[in-house]
Every structure is written in C-alpha cells, then in structure tokens.
Amino acid sequence: MDKEKILEMSRKENKDRDIAALEADTKASKHAIISGIIFAFILYVWQTIVKGENNASLLALMMFFNMVKQFSIYFNLKNKTNLVAALCWTFATIIYTAMAIMSFYN
C-alpha cells in the first residue's frame, strides 16, 4: 500500500480527535486504577492490623474496576491478553466480594 494512501486513511480515521488528549486520558486512567488499588490495599491492611477486622469491600471494588476496564479493552480491540487479564480480575473480584460478604456476617 502506498505511504500517502495510508496517511490519508489515518487522517480520515482521526479527524476531529485530539490524539494527545486520548493518550493522556488512557495513561491517567491506568495511573488512577493502580493508585486506587494501592490506596484500597493500604486501607485494608490498616483495618486488618489496627482494628482487627477483615473487610475486603474496598479491594473487591477495585478488582471490579479493573475487571470492567479489561473487558472493555477486550471487546474494543479483541486482544486475547486483555481477555485473560479480565478473567483473572473476575476471579479476584469474586474472591474479594465473597470475603467482603463473609465479613458482614462475622
């Protein structure tokens, strides 16, 4: 395929889009999710050590966010790696949700 034809197709696909803003938003969402997981984990550890309680609700919530993100990427890009990641996050979400529900009854 001709280089000019490829460039023209790319321009048509990306018309009225700010590519830098899209990339910045993608990076920001990844950083937000990672920071959220770290923060939720710190709160979980604090509650477990200081109060002696085991409430996994925050971790379940963060696992759920990651699960949804990975499934969304998979359905948009059909990338098998994201499907595997989504399934792993689904498993983690189920485990931490079960732990959170069990802590409500204890």
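Bear in mind these aren't lab numbers, they're just calculated from the coordinates by the rules spelled out. Fair warning: this is a prediction, and the values are worked out from it, not measured in the lab. Every residue, glycine as well, gets a Cβ built from its backbone with ideal geometry; the counts of neighbours run over all protein chains shown.
General remarks:
- Net charge dipole, the chain: roughly 160 debye, given to the nearest 20, about the Cα centre with Cβ charges of +1 for Lys and Arg and -1 for Asp and Glu.
- Kyte-Doolittle mean at least 0.5, axial Cα span of 20 Å or more - DSSP H helices of the chain: 19-46, 57-77, 80-105
- Anisotropy class of region 1-88 from Cα gyration tensor, a/c 1.5 cut: prolate
- Note on the chain: with a GNM built from Cα contacts shorter than 10 Å, the maximum mean-square fluctuation among L77, L59, L87 falls on L77.
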